[in-house]
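Written below as structure tokens is the structure these notes are about.
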Amino acid sequence: MSSALSLRHLHLRNWRNIKELSLSFSPTHNQVVGKNAQGKTNLLEALYFFIAGRSFRTHTLAELIGPLDSGFFLELHFLKHGVEQQLRVAYRKNGAAHERKLFYNHTPLQSLSELLGVIPGVLLSPEDSDLVKGTPAVRRDFLDLQIAQTDPLYLHHLTRYNRAMRQRNHLLRGQKTVTIEAWEAEMAQSASYIIPMRKQLVVDIERRATAVQQNLSKSEDLVTVVYKESYDSSASALSLAAAYQEQFARLRQREMLMGHSLYGPHKDDLLIAINSRQARQYASEGQQRTLSTALRLAQWQRLQEESSITPIMLVDDLGMGLDAFRRERFLRVLEGLGQIFVSLPEAAPFGIGCAHFHLLQGHVQPR
């Protein structure tokens, strides 16, 4: 049984093209309507920031500041487990200096990553076709964000692995082996946690994505998602951690020539297929768009199960790339997902209780 989660009120100041804005939301459906470059995606980006602790369009906080401003401020009030709560983020840039303040209720947070899991949620955007045809890094991020929202230990191991890998790469480039075994041991231990978690997620996502794909397209398409390891550790009789540590030691001299680590979770990928044919090569644009939508909806379903909370669903440019039939079926699916936020050029026919926000140059226009 999932517990209710409802975003109640959002306040923005100096956020991209939004100078100042306060909005109160419907607990079910919320539409952000407007033409291009009016601030629709910016508003969803602010909500996503609270979900993921980052933007989905940039990794640089300074790029989120409004024109001619020196910082931004976000405040979100929400209801979780029947308790009113709030999150606040303030960021200021002064030349080379940066100041960042985060608060969960009245408790200061040290890192943006601590926002992960506070508000479980999923974003579907036009860029999601990259889940199918983009780089492996996009697909790894898809897995990592999903798991990190419900498992703080996973984020710990992911951070630990990446930190140790950077140290190992530094030693490889410098042709040094002092302390390298210690960093390899740390990488191996964290890899032994990361990889099984990713593999289990892939099994769950594959099953759900096939059902969603068939519902959206009214077809019998079979979706296959396979976790592809850069190093086949199953060939070793050793434990996963020991197998990776042995692999790091065996390839050390070769990797010194390359200057970086060639194997590990940071090089793994997903192989996504429809009816046994690789989607990135053989699926049409429409099939790829439907498939990426199915993957995001499967992500939402799995997140609901793992978090025991009904997650937030954000949809940027509702129905973009879907034909009329698939768009209609997608709308039906969305109506059963709890609280949703969609951006679109014209209002869609959602049910009673839907809140409409018409944006023009970063301001909400009266209806």
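Coordinate-derived values only; no laboratory data. A quick note: this is a predicted structure, and the numbers were derived from the prediction, not measured. A quick note on method: Cβ atoms are made from the backbone with ideal geometry, for glycine too, and the neighbour counts reach across all protein chains shown.
Report the label-to-label distance for Arg250 and Lys93 in nanometres (one decimal), using points 7 Å from each Cα along the Cα→Cβ vector.
It works out to 4.6 nm between the two label points.
For the range 204-216, in order, what is each residue's ³J(HN,Hα) by Karplus, 6.51 cos²θ - 1.76 cosθ + 1.60 with θ = phi - 60°, in whole Hz (x at glycine and Pro)?
Going residue by residue, I get 5, 5, 4, 4, 6, 5, 4, 4, 5, 4, 5, 5, 6 Hz, with x marking Gly and Pro.
State to the nearest 20 debye the size of the charge dipole of the chain about its Cα centre, where the only charges are +1 on K and R beta carbons and -1 on D and E beta carbons.
Here the size comes out at about 560 debye.
Averaging sequence separations of C-alpha pairs under 8 Å and six or more residues apart, then dividing by the length of the range 129-307, give the relative contact order as a whole percent.
32
Along the range 332-349, what does the Karplus equation 6.51 cos²θ - 1.76 cosθ + 1.60 (θ = phi - 60°) give for ³J(HN,Hα), rounded to whole Hz, x for Gly and Pro?
Going residue by residue, I get 5, 5, 4, 4, x, 9, x, 7, 10, 10, 10, 10, 6, x, 9, 4, 9, x Hz, with x marking Gly and Pro.
Tell me the relative contact order for the chain as a rounded percent, counting alpha carbon contacts under 8 Å between residues six or more apart.
Worked out over the chain, it gives 27 percent.
Specify the residue with the greatest mean-square fluctuation among Gly53, Gly134, Gly121, computed from a Gaussian network of the chain linking alpha-carbon atoms under 10 Å apart.
Checking each option, the largest mean-square fluctuation is seen for Gly134.
Dimensions of the range 129-307 along principal axes (Cα, Å, largest first)?
59, 34, 28
So, with +1 on the Cβ of K and R and -1 on the Cβ of D and E, and no other charges, what is the size of the charge dipole of the range 129-307 about its Cα centre, to the nearest 20 debye?
460
Any chance you could check the Cα centroid distance between the range 320-367 and the range 35-62 for me, in angstrom?
Each part reduced to its Cα centre gives a spacing of 18 Å.
Treat each spin label as a single point 7 Å out from the Cα along the C-beta direction, and report the Glu127 to Leu331 distance in nm.
Simple spin-label model gives 2.8 nm for this pair.
Can you pull the three principal axis extents for the Cα set of the range 303-359, in Å, largest first?
Answer, in whole Å and largest first: 33, 25, 20 Å.
Take the Cα gyration tensor of the range 1-79, multiply each eigenvalue by 5, square-root it, and list the three semi-axes largest first, rounded to whole angstrom.
In descending order, the three semi-axes are 23, 14, 12 Å.
Under a crude label model (7 Å from the Cα following the beta-carbon direction), how far is Ser284 from Thr224 in nanometres?
2.2
HN-Hα J couplings of the range 6-20 from phi, Karplus 6.51/-1.76/1.60, θ = phi - 60°, integer Hz, Gly and Pro as x?
My calculation for the range 6-20 gives 9, 7, 9, 8, 10, 10, 10, 9, 6, 9, 6, 8, 9, 5, 7 Hz in order.
Using a cut-off of 27 Å between alpha-carbon atoms, which lysines can reach Lys80, once sequence neighbours fewer than 8 places away in the same chain are excluded?
Result set, ordered by chain and number: Lys40, Lys101.
May I ask for the Kirkwood hydrodynamic radius of the range 159-239, worked out over all distinct Cα pairs and given in angstroms to one decimal?
Result for the range 159-239 stands at 15.5 Å.
Can you compute the helix-only [θ] at 222 nm over the chain? Use -39500 (n - 2.57) per DSSP H run of at least 4 residues, normalise by all residues, nearest 500 deg cm²/dmol.
-13000 deg cm²/dmol
Write down the percent of antiparallel bridges among all DSSP beta bridges whose residues are both part of the chain, to the nearest 5.
Expressed as a percentage, antiparallel bridges in the chain total about 75.
If you bin the C-alpha pair distances of the range 65-109 every 5 Å from 0, what whole percents do you get?
Whole-percent P(r) values from 0 Å outward: 5, 20, 24, 19, 14, 9, 6, 3, 0.
Have a look at Gln85, Gln253, Ala185 and report the one farthest towards the positive end of the charge dipole of the chain, computed about the Cα centre with Cβ charges (Lys/Arg +1, Asp/Glu -1).
About the Cα centre, the residue reaching furthest to the positive side is Gln253.
For the chain, set up a GNM with springs between Cα atoms under 10 Å and report which of Met256, Met187, Met313 has the largest fluctuation.
Met256
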